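Shown next, in structure tokens, is the structure this report addresses.
The values are calculated or read from the model by the stated rules, or taken from the named source; none is laboratory data. Predicted, not measured: the structure shown is a model, and the values here were computed from it. Cβ coordinates were reconstructed from backbone atoms using ideal geometry, including for glycine residues, and neighbour counts include every protein chain displayed. When the accessible area is computed, the model is the full protein with side chains, heavy atoms only, and any ligands, DNA or RNA have been set aside. Shrake-Rupley method; radii C 1.70, N 1.55, O 1.52, S 1.80 Å.
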Amino acid sequence: MLQIISLLVENKPGSLMRITGLLSARAYNIESLTVARTLDPELSRMSIVVDVEPHLRSQVIKQMNKLINVLQATDLTDSPAVCRDMALMRIKAPLANRTAILKEAEIFGARVVDQSTEGFALEATGDPEKLDEFIDVMRGYGDIDVIRSGSVAVSLETKKLRLSPPVPRGGGNPAREEEPVESK
Amino acid sequence: MMSGARILLECLLRENVDCIFGYPGGVTLPLYDAMYDHAIRHVLVRHEQNACFAAEGYARSTGKVGVCCATSGPGATNLVTGLVDAMMDSIPVVALTGQVSTKLIGSDAFQEADTFGITRSCTKHNFLVKTIADLPQAIHEAFYIASSGRPGPVLVDIPKDVFQAQAHYSPVSSIHLPGYKVIVEGHAGQIRRAAQMMWDAERPLVYAGGGIVAADASAELRELVETLDTPAVTTLMGLGILPSAHPNFISMPGMHGSYAANMAMTQCDLLIALGTRFDDRVTGRLSAFAPKAKVIHVDIDPAEIGKNRAADLPIVGDVKKVLAKLNRNLKELAAEAGSKNESSRQSWGRQVREWKQEHPLTPEISQEEIKPQHLMREIDRLSGGRAIVASDVGQHQMWAAQFIRFDEPRLWLNSGGLGSMGFGLPAAIGAQFARPDKLVFAIVGDGGFQMSIPELATIVNHSLPVKIIIMNNGYLGMVRQWQELFYNNRLSAVELSSFPDVTKLAGAYGFKGRTVERPSELSSALEEAVREPGPYLLNVRVTPFENVYPMVPAGAAIHEMVLGPPQPVTA
Ligand SMILES: Cc1ncc(C[n+]2csc(CCOP(=O)(O)OP(=O)(O)O)c2C)c(N)n1
Ligand SMILES: [Mg+2]
């Protein structure tokens with residue numbers, strides 16, 4: 001199944017390698033991965049979609065949390081979250097189809113970012129499955145070329161949206177009472 | 001102003017490092033120059049792999065961080081096996097490697113290797129230090145990470161120009177690791193519930209591992225075992241955490257574990273797992289492992305909990321602290337009321353003692369040939385539960401684990417998780433440096449010994465009185481055993497011919513060595529080795545075709561263990 005993981009990581013050389021390395025070492029398959037800085041330039045947010053056996057989901061999160069550069073790893077698969085994917089698409093279409101294409105694009109909320117005698121370039125953002133549908137529809141109109149960004153996800157639970165480090169800066173590991181770890 | 005090399009050494013002093021195992025090279029020249037007139041002792045090994053194993057031996061026998069050092073490229077890649085070994089067994093090691101100068105990184109420079117990338121998966125964490133300003137921070141963070149939480153190896157890769165650069169050295173006062181979380185105190189409510197479960201169980205069993213060694217929690221473990229009066233097994237990594245003669249101790253479980261241990265695992269109704277990780281060599285076929293048991297699992301690493309076996313009651317925390325609280329809770333329960341399961345507890349105890357008597361681990365002894373088990377029994381006699389025994393990997397390792405008793409932790413040193421041949425001798429070197437007053441045995445096979453021969457020079461160089469005992473069966477015995485049992489005895493590439501004459505070999509290095517073949521000579525030869533003030537190389541020719549039993553075949557449940565060689569059918 002597809003698991004959506006949101007990671008808050010220190011923006012340090014090697015952070016990305018550690019995360020992808022950990023996933024490949026444990027034979028989890030990466031479906032998509034995006035990274036960008038957060039408001040705090042020392043931290044980055046990653047959204048990773050991995051293909052993993054359901055019973056291994058919590059193990060993936062725990063392994064991620066063990067990485068020294070990872071401040072927080074969260075499983076967003078089942079929790080309230082918004083997940084978006086962007087597609088840039090070129091479509092080559094005969095003149096006769098163009099109005100229909102524009103109509104479909106409008107229904108989906110896609111934007112035309114370039115147009116030429118050959119056809120259009122479109123930009124579409126949406127829920128990953130919605131985007132799949134849109135791409136399928138467009139395929140019916142001519143030759144297309146698609147580049148997708150991979151998913152970015154944001155949790156809608158405030159406590160899961162931690163933008164600052166979970167432990168006070170300056171080292172030290174305050175003993176805290178952890179919640180009982182769930183068993184499989 | 002100080003050079004980066006000098007700053008590094010100052011940082012090591014602040015971490016109380018007294019000894020580094022290493023091997024120099026081009027990019028570490030500035031470091032070795034700084035060492036020339038510095039208090040820190042450097043031990044020149046003869047292969048970098050052994051620098052890491054020796055650092056592990058140092059760490060395993062003391063609990064302190066072991067330090068090893070290698071040059072860039074081939075030096076760093078030679079460390080890899082040792083790093084993985086330390087990772088698998090959670091041993092605190094800091095590895096320092098030289099790197100080509102920062103300006104050359106990425107240019108395929110001479111002796112450049114991507115050490116940072118290569119060692120990502122074999123370390124708990126690693127650093128590439130790009131400027132001298134970052135050096136002290138990285139070194140102290142490395143020691144902190146290596147030794148805290150679940151210990152492990154940390155590598156610091158340092159380019160040559162960072163060693164050479166000059167800077168003011170101001171000691172680091174705090175470390176900054178916002179993403180490093182260690183949960184030390186166990187959850188109080190969970191601990192109370194665990195104590196109650198233990199109190200209520202009819203057939204509880206303690207299953208304790210290397211985490212008890214790492215946490216220095218043997219006293220607390222013993223108290224728990226005695227308060228509950230429950231049988232206890234310790235894993236290969238945990239031998240010594242309970243005194244071998246403790247009445248509740250029923251030895252090691254798993255592939256070559258005792259009958260009593262494996263039966264108790266299978267029949268218990270509560271498995272109390274402490275600092276242990278349900279390794280496949282312990283559990284056998286997982287689906288048939290401890291099928292009747294509820295599981296309490298205490299570990300400092302949350303990722304171990306539920307990884308192989310679901311825990312009914314998980315506790316994340318330092319096992320020493322958790323055990324101390326558990327013991328307090330149990331005492332309170334005991335004060336309130338006696339166990340309501342008094343009679344089932346007693347019959348469980350009786351049952352376990354019966355298993356222990358039914359199939360005890362008894363050494364084979366013959367008058368004609370030296371049996372491997374006999375050798376281990378003799379070493380055990382001389383050790384008296386007190387010597388350090390560093391073992392290599394193979395049949396001899398399993399017999400040593402079965403027949404040599406350890407009355408304290410940190411005496412039994414072996415490569416448990418990785419099972420890396422070539423570990424034993426260099427680990428003994430590291431241990432002897434760390435604990436110069438201890439009698440140290442290196443028990444090695446004739447195969448593994450030949451991976452370590454170069455280190456004889458290190459031993460002689462430093463007059464280390466290590467007693468090297470080769471259990472020489474003429475074969476890569478453990479592989480031969482599997483070929484015999486599971487591949488129709490088609491012995492393929494396991495015969496070790498052309499073993500050197502050890503008297504000459506030791507003589508060539510300038511110390512004493514001897515071969516024994518007859519059972520009657522064995523005890524006196526071992527005594528002679530121990531009496532010798534310096535190192536000693538004793539080659540013991542044992543029966544070649546002995547197999548290690550009990551044995552749980554691959555894929556079987558642990559109670560399906562084979563207790564001995566097939567008996568001739570009497571019709
Ligand atoms: C570096 C390494 N290579 C290969 C193996 C596989 N292996 C495990 S035990 C063993 C045989 C060891 O032979 P020896 O050292 O003579 O010990 P014995 O089993 O005979 O006691 C081998 C080859 C290993 N564990 N480590
Ligand atoms: Mg052998």
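For A:15, B:497, A:116, write out the residues from largest to smallest accessible area, computed with a 1.4 angstrom probe and no ligands counted.
Working: A:15 10, B:497 85, A:116 55 Å².
My answer, sorted largest first, is B:497, A:116, A:15.
Work from the charge dipole of the protein assembly as shown (Cβ charges, +1 for Lys and Arg, -1 for Asp and Glu, about the Cα centre) and give the residue of A:63, B:349, B:379 farthest towards its positive end.
Result: B:349, furthest along the dipole toward the positive end.
Name the residue from B:175, B:389, B:119 whose Cα lies farthest towards the positive end of the charge dipole of chain B, charges +1 on Cβ of Lys and Arg and -1 on Cβ of Asp and Glu.
So the residue we want is B:175.
With a cut-off of 18 Å, note down the residues of region A:101-118 whose backbone N falls inside the zone around a label point 7 Å from the Cα of residue A:143 toward its beta carbon.
The answer is A:115-118, whose backbone nitrogens lie closer than 18 Å to the label point.
If you take the square roots of the eigenvalues of the alpha-carbon gyration tensor of region B:296-430 and sort them as a ≥ b ≥ c, do you get rounded (a/c under 1.5), prolate (a/b over b/c) or oblate? Display every interim value, and only then the final one.
Details: a/c = 2.34, a/b = 1.48, b/c = 1.58.
It comes out oblate by the Cα gyration axes.
Please state, as a whole number in µm²/s, the translational diffusion coefficient that the Stokes-Einstein equation yields for region B:23-113 at 37 °C and 0.692 mPa s, with Rh defined as the Kirkwood radius across alpha carbon pairs.
Numbers: Rh = 13.6 Å.
Rounded, D is 241 µm²/s.
If the chain between residue B:246 and residue B:166 were fully stretched, how many nm would it gain, using 0.36 nm times the residue separation less the Cα-Cα distance? Write out the running numbers ahead of the final one.
Details: separation 80, 0.36 × 80 = 28.80 nm, distance 5.75 nm.
Going from the current span to full extension adds 23.0 nm.
Suppose we keep just the DSSP beta bridges with both residues in the protein assembly as shown; what percent of those would be antiparallel, to 5?
45 percent
Return the carbon/sulfur percentage of the accessible area of region A:82-148, one whole number, probe 1.4 Å, all protein chains in place. Numbers along the way, then the final one.
Numbers: 2100 of 4140 Å².
Roughly 51 percent of what the probe reaches on region A:82-148 is carbon or sulfur.
Output ³J(HN,Hα) for region B:186-196: one whole-Hz value per residue in order, computed from phi by the Karplus curve 6.51 cos²θ - 1.76 cosθ + 1.60 with θ = phi - 60°, and x for Gly and Pro.
After applying 6.51 cos²θ - 1.76 cosθ + 1.60, I find x, 5, 4, x, 4, 5, 4, 5, 4, 4, 5 Hz.
Positive end of the charge dipole of chain B (Lys, Arg +1 and Asp, Glu -1 on Cβ, about the Cα centre): tell me which of B:7, B:139, B:246 has its Cα farthest that way.
Positive-most Cα among the choices belongs to B:246.
Rounded if a/c is under 1.5, else prolate if a/b is larger than b/c, else oblate: which is region B:183-277, with a ≥ b ≥ c the root eigenvalues of its Cα gyration tensor?
Numbers: a/c = 1.65, a/b = 1.22, b/c = 1.36.
Cα axes put region B:183-277 in the oblate bin.
Per Stokes-Einstein, at 25 °C and 0.890 mPa s, what whole-number D in µm² s⁻¹ belongs to region A:82-148, with the Kirkwood radius over Cα pairs as the hydrodynamic radius? All intermediate terms of the calculation are to be shown ahead of the outcome.
On the way: Rh = 11.7 Å.
Calculated translational D: 210 µm²/s.
With the other protein chains left in place, how much accessible area per residue, in square angstrom, belongs to chain B at a 1.4 angstrom probe?
Working: 21270 Å² over 571 residues.
Computed with neighbouring chains in place, this is 37 Å² per residue.
Which distance in nm do the two modelled labels at residue B:485 and residue B:334 give, with both placed 7 Å along the Cα-to-Cβ direction?
With each label placed 7 Å out from Cα toward Cβ, I get 4.0 nm.
How big is the A/B interface in buried accessible area, both sides summed, 1.4 Å probe, to the nearest 100 Å²? Numbers along the way, then the final one.
Numbers: alone 11470 and 22760 Å², together 31190 Å².
Accessible area lost upon association: around 3000 Å².
Given all pairs of different Cα atoms, what value in angstroms does the Kirkwood hydrodynamic radius of region A:29-107 take?
For region A:29-107, the Kirkwood estimate is 16.2 Å.
So if I take the centroid of the Cα atoms in region B:137-169 and the same for region B:440-477, what is the distance between those two points in Å?
First find each Cα centre; the distance between them is then 32 Å.
What is the distance in Å between the Cα centres of region B:30-90 and region A:39-108?
43 Å
Check cross-link reach from residue A:92 to the aspartates and glutamates: straight Cα distance under 13 Å, and skip same-chain residues fewer than eight apart.
A:114, A:118, A:143, A:145
Counting only Cα, what are the radius of gyration and maximum Cα-Cα distance Dmax of region B:119-251, in Å?
Computed over the Cα atoms of region B:119-251, radius of gyration and Dmax are 21.3, 67 Å.
Hull surface divided by four, with the convex hull built on the Cα atoms of the protein assembly as shown: how many nm²? Present the calculation step by step, with values, prior to reporting the outcome.
Details: hull surface 162.5 nm².
In nm², the orientation-averaged hull projection of the protein assembly as shown is 40.6.
Give me Rg/Rg_expected for region B:384-535, where Rg uses Cα atoms only and Rg_expected = 2.2 N^0.38 Å with N residues.
Numbers: Rg = 15.4 Å, N = 152, 2.2 N^0.38 = 14.8 Å.
Dividing the Cα Rg of region B:384-535 by 2.2 N^0.38 Å gives 1.04.
Accessible area per residue for chain A in Å², computed with a 1.4 Å probe and the full protein assembly in place, what is it? Intermediate results must be reported in sequence, preceding the final value.
Details: 9920 Å² over 184 residues.
Per-residue value: 54 Å².
With only Lys, Arg, Asp and Glu charged, each at its Cβ (+1 for the first two, -1 for the last two), find how big the charge dipole of region B:430-571 is about the Cα centre; round to the nearest 20 debye. Write out the running numbers ahead of the final one.
Numbers: 11 positive and 13 negative charges, 41 e Å.
In debye, rounded to 20, region B:430-571 gives about 200.
Counting only other chains, what is the mean number of Cβ atoms within 10 angstrom of the Cβ of each residue in peptide B:299-307?
Going residue by residue through B:299-307 and averaging, the value is 5.
Region B:452-506: which chymotrypsin sites (Phe, Trp or Tyr not before Pro) are DSSP loop and have at most 14 other beta-carbon atoms within 10 angstrom? Working shown, then result.
Numbers: sites: B:475, B:482, B:486, B:487; in loops: B:487.
Listed in order of number, the matching sites are B:487.
Using 0.36 nm times the number of residues separating residue B:310 and residue B:463, minus their current alpha carbon distance, what extension gain do you get? Write out the running numbers ahead of the final one.
Details: separation 153, 0.36 × 153 = 55.08 nm, distance 4.99 nm.
Length gained between residue B:310 and residue B:463: 50.1 nm.
Considering only protein heavy atoms and a probe of 1.4 Å, how much of the accessible area of region B:228-386 is carbon and sulfur, as a whole percent? Could the numbers behind the result be given before it?
Numbers: 2960 of 6160 Å².
Summing carbon and sulfur atoms, their accessible area is 48 percent of the total for region B:228-386.
Taking N as the number of residues in region B:473-558, what is its Cα Rg relative to 2.2 N^0.38 Å? Intermediate values should be presented prior to the final figure.
Values: Rg = 16.8 Å, N = 86, 2.2 N^0.38 = 12.0 Å.
Region B:473-558 yields a ratio of 1.41.
Could you give the dipole magnitude of region A:82-148 about its Cα centre, charging the beta-carbon of Lys and Arg +1 and that of Asp and Glu -1, in debye to the nearest 20?
On the way: 9 positive and 13 negative charges, 37 e Å.
The dipole magnitude comes to about 180 debye.
If you put +1 on each Lys and Arg Cβ and -1 on each Asp and Glu Cβ, how big is the dipole of chain B around its Cα centre, in Debye rounded to 20?
Numbers: 51 positive and 58 negative charges, 138 e Å.
So the dipole magnitude of chain B works out to roughly 660 debye.
Anyone know which of A:86, A:17, A:46 comes out most mobile in the 10 Å Cα GNM of chain A?
Maximum among the listed residues: A:17.
May I ask for the Rg/Rh ratio of chain B, computed from Cα atoms with Rh as the Kirkwood radius, given to two decimals?
Values: Rg = 24.6 Å, Rh = 24.8 Å.
My calculation puts Rg/Rh at 0.99.
Using only the alpha carbons of chain A, what is the convex hull's orientation-averaged projected area in square nanometres?
Working: hull surface 52.0 nm².
Answer in nm², one decimal: 13.0.
For the pair residue A:92 and residue A:133, how long in nm is the line joining their label points, each one 7 Å along Cα→Cβ?
2.9 nm
Can you tell me which of B:243-253, B:309-319 comes out highest on packing, and rank the rest after it, using the mean Cβ neighbours within 10 Å? Mind dumping the intermediate values first?
Working: B:243-253: 19.0, B:309-319: 22.6.
Ranked by mean Cβ neighbours within 10 Å, highest first: B:309-319, B:243-253.
So, taking all protein chains as they sit and a 1.4 Å probe, how much accessible area belongs to residue B:366, in Å² rounded to tens?
My reading of the accessible area for residue B:366 is about 20 Å².
Would you mind calculating the gained length between residue B:36 and residue B:501 on full extension (0.36 nm times residue separation, minus the Cα-Cα distance), in nm to one decimal? If you can, show how the numbers build up before the last one.
Values: separation 465, 0.36 × 465 = 167.40 nm, distance 3.78 nm.
That pair, residue B:36 and residue B:501, stretches by 163.6 nm at full extension.
Could you sort the residues of region B:111-158 by number and keep only those whose accessible area is reduced by 40 Å² or more in the all-protein-chain setting relative to the chain alone, 1.4 Å probe?
Output list: B:116, B:120, B:125.
I'd like the accessible area for residue B:101, computed on protein heavy atoms only with a 1.4 Å probe and all protein chains in place. Round to 10 Å², please.
Accessible area, nearest 10 Å²: 30 Å².
So what is the 222 nm mean residue ellipticity for the protein assembly as shown from helices alone, if each DSSP H run of at least 4 adds -39500 (n - 2.57) and you divide by all residues, rounding to the nearest 500 deg cm²/dmol? Could the numbers behind the result be given before it?
On the way: 26 runs with 268 residues, N = 755.
Result for the protein assembly as shown, helices only: -10500 deg cm²/dmol.
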